[in-house]
1. Sequence neighbours fewer than 8 away in the same chain don't count; with that in mind, list the lysines whose C-alpha is under 21 Å from K293.
2. Given contacts defined as C-alpha pairs under 8 Å and at least six residues apart, what's the relative contact order of the range 12-109, whole-number percent?
3. When only Cα pairs under 8 Å and 6 or more residues apart are kept, what is the percent relative contact order across the chain?
4. Would you kindly derive the ³J(HN,Hα) couplings of the range 261-278 from the backbone phi angles with the Karplus curve 6.51 cos²θ - 1.76 cosθ + 1.60 (θ = phi - 60°), listing them in order in whole Hz, with x for Gly and Pro?
5. In a solvent-free Debye calculation with one equal scatterer on each Cα, what is log10 I(q)/I(0) for the chain at q = 0.07, 0.08, 0.11, 0.14 Å⁻¹, listed in the order of the q values?
6. How large is the helix-only mean residue ellipticity at 222 nm for the chain, computed as the sum of -39500 (n - 2.57) over DSSP H runs with n ≥ 4, divided by its residue count, in deg cm²/dmol to the nearest 500?
7. Given A417, S402, A27, which one lies farthest toward the positive end of the charge dipole of the chain, if we put +1 on the Cβ of every Lys and Arg and -1 on the Cβ of every Asp and Glu?
8. In whole Hz, with x marking every Gly and Pro, tabulate ³J(HN,Hα) for the range 438-448 from phi via Karplus 6.51 cos²θ - 1.76 cosθ + 1.60, θ = phi - 60°.
Amino acid sequence: MPLIWLIAIIFALAVLGFVMGRGRAVASAGGDTRGLHSLPSYYGWNVALTVMTPAFGLLALWLLIQPMWIESRVSAQLPENAISETSTRELVMSDVRRVAEGLEAINAPFGGADPVVNDAYLADLREQIGSVGVALGSDITVGVYDAARSFRTLSGWGGTAMSVVAFLTALGGFSVSYMVTNKDFRARNTVERRILLVLIAAASIAILTTLGLVLSMLFEARNFFAAHPWQDFFFGTKWAPDFRGNSELAILPLLWGTLYISVIALLVAVPVGLFAAIFLSEYASIRVRSLTKPAIEVLAGIPTIVYGLFALITVGPMLRDYFALPLGLGQSSSSVITAGLVMGIMLIPFVSSLSDDIINAVPQSMRDGSYALGATQSETIRQVVVPAALPGIVGAVLLAASRAIGETMIVVLGAGAAAAQFDRGLGELVNPFQAMTTITVKIVSQLTGDTDFSSPETLVAFALGLSLFTITLGLNVLALWIVRRYREQYE
């Protein structure tokens, strides 16, 4: 049974439980709701929550545990000859998962006798799987094929068992909660305890999601560093991937381009956005604010691909013709400053809107006290309002920085896809009219197309992603340190 249908059935059972539970409670009181311990709706919610909470909790655990169990079991079944000297068991399992996905996509039969599994059959199967959009970077071997069939079979049986167990759990919860429903049952207390558990689970989602992201990147990054020296990745100075071998995969050229473009973007977005926020919150009239603030926020709704086209067609050629060529600094319309300027324009509403909300949250009593001491409006803004709003402003800048570091489309169209080249000297590295690229662009390019997902040239994307996560985490720590240091002066 598809998961969406299972969820719909559980929801329908919960709705039925709400109606029947409420009706049973009222009937047990002889139709007089004053004889109930709790409001009638609490009895209905008790049955509904007893249906949904254990069933969805079981679904979540099942979906988390089943893939790991199937992976470990199929991995143990892999013959040693299926793992080449240049690969690992984990890398082969990634091929197994993709072949299993392809078998599902082409509706290959679950059981029964297959045609003779030889090289011709496996080559034809690879073409069929590729035709449905599942990318396979290497040929299918007999060991991988057998493991993929086993993986698919276990997944199918696991999905069926999950549906049956989850439905029986929901049905059992319905039966038990319906039977205990009567006028003396403390439904309100029970419902509030269960809602508290749901709130705790919701609060844990962010933590668990972050943990899952980190672990997924760590496992794949470990596979990359098992095939590629970590010294070359962190301390090398050249980015030259080659799927035929002898690749040079260093993060420094990509990191330089990422930071260079992000700094230019922040130099544009932070002053403009902050000054716009100060004007809107402290100087603008109600009419001007009602017109200007929505106009600024329109920029946040424009797709990034549109900004990229604007950089490619308008900003890039203008900077080349009026600055780069006359100054002898470059001949290409794709450059660091092109992407940085356009990205800065895109980030203005992020800084402006958040800073405006934070400045408006500063108590008016602080402004009145400053005016009472004889300060002017500009002095009050500089010495009272902005320092008091500094934590929120730092948060706005941090959000803009994270957005700049993670941007892709503007960089592809505005700055190009060539990594910085350290061997050309410092002048080329700091020239803002040179084409450079960022980490996010190379993550996309390394995972796009018919690539070998067990090769270092592909796995490097996960190492790059983990590096981006570490940079973002460092930005958060730095922001917290700045906020705590300056906040102490005003508390």
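The values are calculated or read from the model by the stated rules, or taken from the named source; none is laboratory data. Note that this is a predicted model, so its numbers are computed, not measured. Cβ atoms come from the backbone with ideal geometry, glycine included; neighbour counts cover every protein chain shown. These area figures cover heavy atoms from the full protein model, side chains too; ligands, DNA and RNA do not enter into them. Shrake-Rupley method; radii C 1.70, N 1.55, O 1.52, S 1.80 Å.
1. none
2. Relative contact order for the range 12-109 comes out at 22 percent.
3. Worked out over the chain, it gives 18 percent.
4. Along the range 261-278, the couplings run 5, 5, 5, 4, 4, 5, 5, 8, 6, 5, x, 5, x, 5, 5, 5, 5, 5 Hz.
5. Here the Debye-derived log intensity ratios amount to -0.62, -0.78, -1.13, -1.25.
6. Here the helix-only value at 222 nm equals -23000 deg cm²/dmol.
7. A27
8. 10, 5, 5, 4, 6, 4, 5, 5, 6, 10, 9
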